[in-house]
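Below is one structure, written out as structure tokens; the observations come after it.
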Amino acid sequence: MIFKTIAAIAAAASLVAAPVAAQAPAKLVTALVGGNVVAIDGGAPIRDATVLIEGDRIAQVGPSSSITVPAGAKVVPMQGKWLVPGLMNMHVHFGLKLPGAAGNALVNETDAEQALRMADNARRSLLAGVTTVRLTAEDHGNDFALKRAIEAGQTDGPRIESAGELIVPTGGHGFLEADGPAEFSKAARTQIKRGASWIKIAISGGISDTHGSISAAPMTDAELSTLIEVAHRNGVKVTAHNGSTEAAKQALKYGIDCFEHGYHLDQDILKEMKAKGVWLVPTIVVSQPGAYEFYRKIGSPDWYLDRVASTGKDHWAMLQNAIRMGVNIALGTDQFPFEPNGGTTATVAEAELYVKAGMTPLQALQAATIQPAKMLGLDKDVGRIKPGQYADIVAVAADPTADIAALRGISFVMKGGTVYRDDSDPALVAQ
Ligand SMILES: [Zn+2]
């Protein structure tokens with residue numbers, strides 16, 4: 001009886017309230033007021049700006065004097081802050097396990113345990129200012145479960161594009177082994193069926209392998225060309241873990257879209273990449289001294305540290321060449337986006353290294369925002385602070401186009417119009 005009475009009252013109240021509700025704004029309106037909006041495509045910033053957000057998208061951006069904040073809008077003061085698009089990290093493994101003590105402790109991890117660990121890593125990445133990631137190899141479809149959970153609002157994390165499982169020839173740098181064109185086709189189609197928007201293959205060995213060679217090219221022409229054809233016929237791009245010039249030549253011939261790491265790529269390969277618009281995701285942080293502390297922390301064996309150091313020199317020279325030659329570069333770390341590195345996060349350390357290797361601060365900021373958006377084909381939705389885009393916005397204390405190290409001072413993170421971190425609001429301070 002009590003329930004019936006409450007229901008009846010609620011029904012009556014909603015009838016009375018209906019005309020009022022119809023006049024109220026349909027979507028939550030948020031105004032970020034008084035900050036400086038960085039011009040991500042170059043040019044002068046908008047100083048003392050207002051960014052008006054309706055629901056999950058940006059409605060208006062301009063000088064505060066030109067924008068009327070509607071009554072009832074939630075106002076977030078941004079005076080003295082610089083607003084940049086949410087950062088994007090294009091080489092992430094939320095389920096990452098590396099050789100060493102920390103990785104050894106995870107050998108018996110179940111899928112359920114891994115999914116929960118991945119969710120924690122996703123949340124921490126978002127709080128570090130990373131609003132979009134591309135996952136470049138996860139296990140058993142756990143990444144797609146996580147993506148759906150984030151989209152359904154069940155857990156917090158960045159927008160996810162994923163390549164699903166890493167496909168390799170038997171004995172290659174990964175776990176989903178395939179041999180011959182038919183098996184590669186099946187493996188690629190299986191990932192696409194699960195929701196992959198990329199396919200990741202390993203066309204050479206990796207730093208962490210105990211067998212094979214980084215400079216070998218173990219896939220046959222038939223395997224490689226068929227896999228790329230299958231992906232492209234499904235509107236899915238293909239990226240390759242690759243450190244080998246020989247394997248790079250072969251993959252470029254068959255229309256590869258992107259290379260990860262590129263440790264030993266020579267200038268001829270970089271020139272062809274530039275000409276064909278092929279992307280490079282450098283992950284330079286993993287081979288440079290800032291990461292040594294991390295490898296020691298996770299208990300990496302000596303042979304691994306030696307390989308990192310020797311690969312690091314070629315990797316750095318390759319990155320300098322790629323920047324000088326104007327190869328398309330999208331930021332990726334191969335460490336957790338929030339992983340401490342060089343006194344900041346891996347994501348920010350990666351951007352700083354791009355500047356050290358020859359980019360302007362603006363170019364490095366673009367490599368962390370609009371360039372990945374273009375690479376993903378999502379630049380209509382993310383990558384810029386402009387009307388129509390998702391309200392994925394990060395605030396820092398200084399102008400990152402003057403000094404990229406300003407990204408160390410992230411104090412505010414919004415994704416899709418929701419504030420996930422605001423250090424001036426203690427309830428939302430990142431943990
Ligand atoms: Zn990786």
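The values are calculated or read from the model by the stated rules, or taken from the named source; none is laboratory data. Just so it is clear, the structure is predicted and the values come from calculations on it, not from any experiment. Glycine gets a Cβ as well: all are built from the backbone with ideal geometry, and neighbour counts include every protein chain shown.
Take ASP314 and decide whether it is more than 16 Å from the ligand (Cβ to nearest atom), in a helix (DSSP H, G or I), surrounded by fewer than 19 Cβ atoms within 10 Å (Cβ to Cβ) and in contact (Cβ under 8 Å) with a residue 12 or more places away in the chain. Talk me through it step by step, then tell me what you get.
Details: more than 16 Å from the ligand (Cβ to nearest atom): yes; in a helix (DSSP H, G or I): yes; surrounded by fewer than 19 Cβ atoms within 10 Å (Cβ to Cβ): yes; in contact (Cβ under 8 Å) with a residue 12 or more places away in the chain: yes.
Yes; evaluated as a whole, the condition is true for this residue.
Hand me the list of strands (runs of 3 or more DSSP E) wholly inside the stretch 343-431 holding 2 or more residues that are hydrophobic (A, V, I, L, M, F, W, C), at pLDDT 95 or above and assigned by TED's automatic domain parsing to the domain that holds ILE46.
Working: elements: 393-396, 412-415, 418-422.
Ranges flagged: 393-396, 412-415.
So which residues in the stretch 272-291 are surrounded by fewer than 15 Cβ atoms within 10 Å (Cβ to Cβ) and either part of a helix (DSSP H, G or I) or within 16 Å of the ligand (Cβ to nearest atom) (or both), if there are any at all? Talk me through it step by step, then tell me what you get.
First, pick out the residues of the stretch 272-291 that are surrounded by fewer than 15 Cβ atoms within 10 Å (Cβ to Cβ): 275-277, 289.
Of everything in the stretch 272-291, those that are surrounded by fewer than 15 Cβ atoms within 10 Å (Cβ to Cβ) and either part of a helix (DSSP H, G or I) or within 16 Å of the ligand (Cβ to nearest atom) (or both) turn out to be ALA275, LYS276, PRO289.
Please determine, by comparing only the residues of the stretch 71-92 that are assigned to a loop (DSSP other than H, G, I, E, B) and in contact with a Ser or Thr (Cβ under 8 Å, 6 or more places away or on another chain), which one is surrounded by the fewest Cβ atoms within 10 Å (Cβ to Cβ).
Here is the first cut: in the stretch 71-92, the ones assigned to a loop (DSSP other than H, G, I, E, B) are 71-73, 78-81, 86.
From what's left, in contact with a Ser or Thr (Cβ under 8 Å, 6 or more places away or on another chain): 73, 81, 86.
Values: ALA73: 17, LYS81: 21, GLY86: 27.
If we take residues in the stretch 71-92 being assigned to a loop (DSSP other than H, G, I, E, B) and in contact with a Ser or Thr (Cβ under 8 Å, 6 or more places away or on another chain), then ALA73 is surrounded by the fewest Cβ atoms within 10 Å (Cβ to Cβ).
Considering only the stretch 84-108, state which residues are away from the ligand (no atom under 13 Å from the Cβ) and either under 30 Å from ALA395 (Cβ atoms) or at pLDDT 95 or above (or both). Show your work before the answer.
First, pick out the residues of the stretch 84-108 that are away from the ligand (no atom under 13 Å from the Cβ): 84-88, 99-108.
Once the filter is applied, which keeps residues that are away from the ligand (no atom under 13 Å from the Cβ) and either under 30 Å from ALA395 (Cβ atoms) or at pLDDT 95 or above (or both), the stretch 84-108 yields VAL84, PRO85, GLY86, LEU87, MET88.
Could you go through the stretch 237-260 and let me know if any residue there is more than 19 Å from PRO372 (Cα to Cα), touching a residue at least 40 places away in the same chain (Cβ under 8 Å) and among the aromatic types (Phe, Trp, Tyr).
no
If you check ASP156, ASP179, ASP111, which single one turns out to be farther than 20 Å from PRO372 by Cα, in contact with a Lys or Arg (Cβ under 8 Å, 6 or more places away or on another chain) and at pLDDT 95 or above?
ASP156
May I ask you to list the residues in the stretch 248-271 that are within 16 Å of the ligand (Cβ to nearest atom) and more than 15 Å from ASN328 (Cα to Cα)? Talk me through it step by step, then tell me what you get.
Within the stretch 248-271, the subset within 16 Å of the ligand (Cβ to nearest atom) is 258-263.
Residue satisfying the conditions is TYR263 alone.
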